[in-house]
Amino acid sequence: MTQPSSNTASAARSPLARWFDQRTGLLTALADAASRPVAGGVSWLKVWPAAIAFVFCVQAISGFFLWVYYSPSAQTAWESVYFIQHHVAGGWFIRAVHHYSAHCLVALALVYLLQTILLGRYRQPRELVFWVAVGMVLCAMAGMLTGDLLPWDANGYSATKTRTGFLTALPLVGQHLLKLAIGGPGPALGSHSLTRFFALHVGVVAPAILLLLLLHVVLSRRSEQAEVNTIWRPEPYWPKQAVRNAVVAAVALVVVLILACSHGVSGPERGVRLLSPADADPASAYAAARPEWFLLGVYEFSHWFTGALIPIFIVPGLAVCYLLAMPWIARLQFGHLFNVCLTGLAVLGVIVLSWITLAKDARDEQHQQAIAAEQQKAHRTRVLAEALGIPTAGALELLRNDPKTQGPLLFAQCASCHSHATADGAGIVAAQPTAPNLYGFASRQWIRRLLDREMAEGKKVFPVAGPDYFGGTAFADGKMVQAVKDLWREAELDEELDELKADLDKIAAALSAEADLPAQRHLDAQQSKLIAQGRKAIVDRGCTNCHKFQDRGALGNAPDLTGYGSRQWTVDIINNPADGRFYGKRNDRMPAYAEMMRQNQVEMLADWLRGDWYEPEE
């Protein structure tokens, strides 16, 4: 079919179009491009470069809108992404499109590279086209790796810290490269690391991909011109090849949109999940961080070696060098077959190694627990940010001052002796518990069981003397244990067990009311009469013979029950259990945490033990 010449097409245009074309030449250039011959004819196998270019445009457009709101610093990066995700109209969608189009770009570039190798389209005269394709794959991967850190969340931080840490395995230059990459000696990352990665992502990788795409067009056209006269049946680009390219680009866009909406289009979990803010504290490292999907095979392969030099640098470096050498290898007899077979084995190996990693992670309870814990932490950050706003120092301060988040971490210093675990063992369990289990401390149930008598294997046992209370302490046979046993023994002799149980319920209610626990405030307000009776029972049952309670009893024999379990009482006993209000010189091993923690940490630990932290109203 004969195509109209450029002059004929130009004459058919409107005066405005001719004026525009005379000054720009754009319409003529488009007409020439549409009529250019496609060597070997149109084909669905020739759609990949156009699809890559289209997805890159999606990346660039969505990236620009993210850039409008993004602020690259350790105190503002996560916060700006949070604002995009939850407060900018459509921000979550733009971010998800940018994220998944990056994955799509890598996948398309890999498919194109593998097809080029399989079909032998890397041989003379297309060597430069093939090398450009290799460069596009590497740059697409680099774009994802540099972009991984930009949200400044737990996963991006931990994964990037691990990757940059591999640089130290390089002899002589490793430490210098690390300092150059992250803006400091490491290993922690900071604002300088973030700005470097942002500059690489926007100012180096993105322009490099654009340049490679333009080079690909120029070099492909040049090689096609050389092939038109030697390859059978050339066909014009328009309309058949253009339609094929548009269909594949549309499919890629649909895939990206489906992935972007895969977590729904409403609610806080829509789009791409944003984890908690990055924390340089090694104790807060995200243990479940993993590299992107195209590096999972390398991640698994690295476990076969004691160091990072061979699996991270030497083997991947040799693989890239081999790719670049393929056009020369193909000149040998059976060289192309060798290239195809070796590439197939490498791809199969990467797939198998990636599957091994995914399978191991799926079976690893600690890995799954780390993921669940981080998701809870991310949810908690969002709850606090919505309720309290983000402080000037950044969202990480919300977590650092949150008893619900910091309490378990601070309690780790207490867990050498104390547990904080439910009856079925859920929670923090001391390796060798030798002090009371503080789960539910000062609650009615905790106090009531302290005073109770239970049956175990047909025998009467007293929890107060057991491992959940004083059984592992120097008070296992002390006055408190004896006092509880005496109460039950006397009630049994006098046949007043029901009366004792009723009094113990009242005492537990009265003591727990002293704590003013958030979980029981409503109940305390409803049972003011029962609480008053319990205060009287505390005196009548002889508790003030040892303990001070309000205006009865004296200090020095046992802990003061006035304000028992309240915030100030709990803070004070953590600060110094040997104070005269508590155990004095009889204190059993518990250190004065005022010497080991900052005061705000003691207060957060006390609040956590009491279940006193912010929760949104349901």
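Observations, loosely collected:
- Checking Pro327 against (1) of a type outside the set (A, V, I, L, M, F, W, C); (2) closer than 30 Å to Leu398 by Cα; (3) in contact with an Asp or Glu (Cβ under 8 Å, 6 or more places away or on another chain), the condition it does not meet: (2)
To keep it simple, each residue is scored yes or no on (1) aliphatic (A, V, I, L, M); (2) crowded, with 19+ Cβ neighbours inside 10 Å; (3) in a helix (DSSP H, G or I); (4) modelled with pLDDT of 95 or more.
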| position | (1), (2), (3), (4) |
| --- | --- |
| Val340 | yes, no, yes, yes |
| Val350 | yes, no, yes, yes |
| Ala373 | yes, no, yes, no |
| Ala431 | yes, no, no, no |
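- Restricted to helices (runs of 4 or more DSSP H) entirely inside segment 45-131, those with at least 2 residues that are modelled with pLDDT of 95 or more and under 30 Å from Gly335 (Cβ atoms) are 48-69, 91-118.
- Checking the stated criteria, Thr392 turns out not to satisfy the condition of being of a type in the set (S, T, N, Q) and either surrounded by 18 or more Cβ atoms within 10 Å (Cβ to Cβ) or touching a Gly at 6+ places or on another chain (Cβ under 7 Å) (or both).
- The residues on offer are Val202, Val217, and the sole one that is assigned by TED's automatic domain parsing to the domain that holds Tyr100, buried (at least 19 other Cβ atoms within 10 Å of the Cβ) and either on the phi < 0 side of the Ramachandran plot or part of a helix (DSSP H, G or I) (or both) is Val202.
- Only one of the listed residues (Asp148, Asp153) is within 25 Å of Ala288 (Cα to Cα) and touching a strand residue (DSSP E or B) at 6+ places or on another chain (Cβ under 8 Å). That residue is Asp153.
- Cross-chain or 6+ apart pairs with Cβ under 7 Å, segment 155-166 first and free of Cβ contacts under 8 Å to residues at least 60 places away in the same chain and assigned by TED's automatic domain parsing to the domain that holds Gly186, then β-branched (Val, Ile, Thr) and in a helix (DSSP H, G or I): Thr164/Ile182
- Ala378 being touching a residue at least 24 places away in the same chain (Cβ under 8 Å), under 20 Å from Ala287 (Cα atoms) and surrounded by 12 or more Cβ atoms within 10 Å (Cβ to Cβ): yes
- Exactly one residue out of Pro327, Pro277 is in the same structural domain as Leu149 (by TED's automatic domain parsing) and buried (at least 17 other Cβ atoms within 10 Å of the Cβ): that is Pro277.
- For segment 176-199, a residue qualifies if it is touching a residue at least 40 places away in the same chain (Cβ under 8 Å) and surrounded by fewer than 19 Cβ atoms within 10 Å (Cβ to Cβ), and the qualifying residues are Ala188, Gly190, Ser191, Thr195.
- When every residue of segment 559-573 is checked against the conditions, at least one turns out to be buried (at least 18 other Cβ atoms within 10 Å of the Cβ), in contact with a Gly (Cβ under 6 Å, 6 or more places away or on another chain) and modelled with pLDDT of 95 or more.
- Taking the criterion of being touching a helix residue (DSSP H, G or I) at 6+ places or on another chain (Cβ under 8 Å) and among the hydrophobic types (A, V, I, L, M, F, W, C), the residues of segment 580-610 that qualify are Phe582, Ala592, Ala594, Met597, Val602, Met604, Leu605, Ala606, Trp608, Leu609.
The values are calculated or read from the model by the stated rules, or taken from the named source; none is laboratory data. Since the model is a prediction, treat every value here as computed from it, not as a measurement. Positions of Cβ are backbone-derived with ideal geometry, glycine not excepted, and every protein chain shown enters the neighbour counts.
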